[in-house]
């Protein structure tokens with residue numbers, strides 16, 4: 001299939017996945033009704049007060065709830081009125097309970113300040129929760145419930161499966177510290193042989209050429225001995241490839257090399273070690289190697305550290321690579337990562353779980369068919385995995401593959417940061 005057909009196929013695949021997500025995703029339910037309660041819904045625009053907050057009414061009594069976050073950590077500020085006239089906040093007793101995603105619950109209490117009540121604890125991100133408000137004023141109790149979601153969406157199981165979205169449970173893991181090295185593939189010097197004639201004489205026939213693969217004991221040439229005038233066979237001492245030939249019919253031979261054979265079923269990666277890394281590179285360390293063009297990938301361990309051919313400050317690390325499949329070629333440039341340290345972390349996720357949402361690093365929590373953007377703070381990373389230092393607890397279910405599709409669905413639905 002040519003590149004044009006591949007691009008067309010990929011384009012239509014993306015369209016299909018997007019259409020399936022669009023057809024199968026829906027906004028989370030925003031209304032919670034209970035007898036004797038006032039239920040507000042974000043399915044429609046809520047009534048706003050003079051401070052641009054959410055206005056909740058119960059007869060002549062009303063409160064306006066805002067989240068203030070200019071120059072301070074986010075906090076609730078609540079303004080109360082009775083018969084459209086402001087009341088002294090000190091005469092009002094208020095609590096707000098937040099039911100966050102994955103069963104996390106917060107309760108906020110308030111103190112009076114100026115003409116409003118202010119929460120005593122931070123309203124940390126994300127501001128996505130089911131809200132229960134309880135107010136007591138002049139012997140009367142008022143209660144409201146509503147949903148205020150941001151960064152949340154619902155995608156049914158069929159769409160999730162079709163789009164390749166997968167989740168995993170958050171838990172401990174290992175962050176590996178790596179050092180990058182560069183070098184090239186060379187023949188394994190212990191698997192290269194020079195072939196010479198046993199007795200001086202005249203080369204009568206040459207049966208093999210450069211590039212030919214030979215087996216151990218295979219005849220390479222025939223030589224007529226000067227002393228016995230008998231013709232004997234010059235054979236391959238090992239199996240491998242003929243990489244050099246210095247023998248032609250009619251020539252005389254003494255002690256010179258006629259052929260050179262290399263067994264490439266095992267090769268060496270010779271990697272340059274920078275002076276700054278010398279103290280951290282040790283024999284036995286695990287190493288991942290990849291061809292500079294990305295065509296080959298392998299793993300091994302450092303077998304030796306040698307002084308290079310240049311100055312005494314030049315070092316190289318030697319790695320033995322299995323090459324029975326022939327993916328490595330002498331002279332091929334390679335890149336490598338050496339694992340020089342490994343640190344255990346209580347919470348680790350693959351980098352593929354991370355996305356950006358607003359100005360946060362986020363992962364997407366999952367419960368059933370619902371997905372919630374969750375801000376996280378990041379610790380050390382090895383390029384493959386990252387430690388999470390804040391925002392998650394062990395056991396949470398997090399999207400780890402194709403998380404960008406969750407982000408796209410949330411942004412399509414217009415999940416806002418509107419208080």
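Cα convex hull of segment 38-152: mean projected area in nm², to one decimal?
Reported value for the Cα convex hull: 7.2 nm².
Given the convex hull of the Cα atoms of the chain, what is a quarter of its surface area in nm²?
With every direction weighted equally, the projected area is 31.8 nm².
Which order do 409, 207 fall in if you start with the one that has the fewest other Cβ atoms within 10 Å?
In order of increasing Cβ crowding within 10 Å: 207, 409.
Calculate how many DSSP beta bridges within segment 100-170 are antiparallel, expressed in % of all such bridges and rounded to the nearest 5.
100
Given segment 189-262, report the % of alpha carbon pairs whose separation exceeds 15 Å.
47
With angles folded into 0 to 90 degrees, how steeply does helix 3-24 sit against the dominant principal axis of the chain? Use alpha carbons for both and round to 10.
30
Any idea how far the Cα center of segment 133-205 sits from the one of segment 342-372, in Å?
The distance from the Cα centre of segment 133-205 to that of segment 342-372 comes to 12 Å.
Take every Cα pair under 8 Å in the chain that's 6+ residues apart, average their separations, divide by the length, and report that relative contact order as a whole percent.
Reported relative contact order: 16 percent.
Please rank 328, 268, fewest neighbouring Cβ atoms within 10 Å first, as an exposure proxy.
Fewest-to-most ranking of 328, 268: 328, 268.
Quick one: helix 403-413 against the long Cα principal axis of the chain, what's the angle to the nearest 10°, folded into 0 to 90?
With both axes taken from Cα atoms, the answer is about 30 degrees.
Using alpha carbons only, what's the Rg to Rh ratio of segment 273-419 with Rh from Kirkwood?
A ratio of 1.13.
Could you give log10 I(q)/I(0) at q = 0.15, 0.25, 0.26 Å⁻¹ for segment 58-101, computed by the Debye formula over C-alpha point scatterers of equal weight, without solvent?
Results for segment 58-101 at q = 0.15, 0.25, 0.26 Å⁻¹ read -0.48, -0.99, -1.02.
All of the numbers you see were taken from the coordinates with simple rules; none came from a lab. Values in this document were obtained by computation on a predicted structure and should not be read as measured data. With ideal geometry, Cβ positions are generated from the backbone for all residues, glycine too; neighbour counts draw on all protein chains shown.
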